[in-house]
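Report on the structure given below.
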Amino acid sequence: MKDILARYIPSHAVEPVFGLIERNHIHLKIVNERKTRHGDYRRMPDGTQQITVNANLNKYRFLITLVHEIAHLLAFESYGRLIKPHGIEWKSTFQKLMLPFIRPEIFPTELLPYIARHFRNPKASSDTDAHLAVALKRFDQPNDKNYIFEVPQGSTFRIYNGKVFKKGVKRVKRYECVEVNTGKVYLFQPNAEVELLKAAN
């Protein structure tokens, strides 16, 4: 297990993460990319605790995602199964679990301020924290995608499921975009990754 973890998370995080997995009897599955989530936690019918994490994540996002899911397990175990999945119990559990990892031996110095800020009040997904998501993306494998905030207003773009949109105006934090085929308006996070089809003139 340690050898596998060493391929996916920073080397200084391997021992403490392995300890969390062992102590909590977690069955960790590393799976192919899922577009709608980075990871998930389930208590299986036979009582085993299963966590899945996408194999394509960079090692810093993988670590955050894995600890995020372990926090679900521990929050449910401590406070019962009726708590909100991303409520205050989960947030405090996640903060406590992440604290020992927020150090320069594990995360690059340029990431630490974004991570420290995020964990003052962690969100349901690191992707909804646009600043952290953009900072983490610097460590991804290069791809041909753009962020919504980089796409000029009036441009058309495609998302992962093939739907095509035209970018509109910014509403507070998110962008209003119109689905070309239906005319329906959707709101996009500024750090949503899209494929630019035609830039506005």
Test: residue in segment 53-62 that is of a type in the set (D, E, K, R), over 27 Å from Lys173 (Cβ atoms) and touching a helix residue (DSSP H, G or I) at 6+ places or on another chain (Cβ under 8 Å): yes
Residue list for segment 48-74, filter: assigned to a loop (DSSP other than H, G, I, E, B) and polar (S, T, N, Q): Thr48, Asn56, Asn58
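Each row is one residue, and each column tells you yes or no for (1) surrounded by 14 or more Cβ atoms within 10 Å (Cβ to Cβ); (2) among the polar types (S, T, N, Q); (3) outside any strand (DSSP E or B); (4) not assigned by TED's automatic domain parsing to the domain that holds Tyr8.
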| residue | (1), (2), (3), (4) |
| --- | --- |
| Asp127 | yes, no, yes, no |
| His131 | no, no, yes, no |
| Pro152 | no, no, yes, yes |
| Phe157 | yes, no, no, yes |
| Phe165 | yes, no, no, yes |
| Val178 | yes, no, no, yes |
| Thr182 | no, yes, yes, yes |
| Tyr186 | yes, no, no, yes |
Condition met for Glu77 (in the same structural domain as Pro122 (by TED's automatic domain parsing), surrounded by 13 or more Cβ atoms within 10 Å (Cβ to Cβ) and either assigned to a loop (DSSP other than H, G, I, E, B) or modelled with pLDDT of 95 or more (or both)): no
Cross-chain or 6+ apart pairs with Cβ under 8 Å, segment 68-86 first and more than 14 Å from Gln49 (Cβ to Cβ), then modelled with pLDDT under 95 and among the charged types (D, E, K, R): His86/Lys123
Conditions (1) surrounded by fewer than 18 Cβ atoms within 10 Å (Cβ to Cβ); (2) over 22 Å from Asp127 (Cβ atoms); (3) modelled with pLDDT of 95 or more: number failed by Ile21: (1)
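The values are calculated or read from the model by the stated rules, or taken from the named source; none is laboratory data. Remember, it's a predicted structure, so these values are computed and weren't measured experimentally. In this analysis, Cβ positions are derived from the backbone assuming ideal geometry, glycine residues included, and neighbour counts consider all displayed protein chains.
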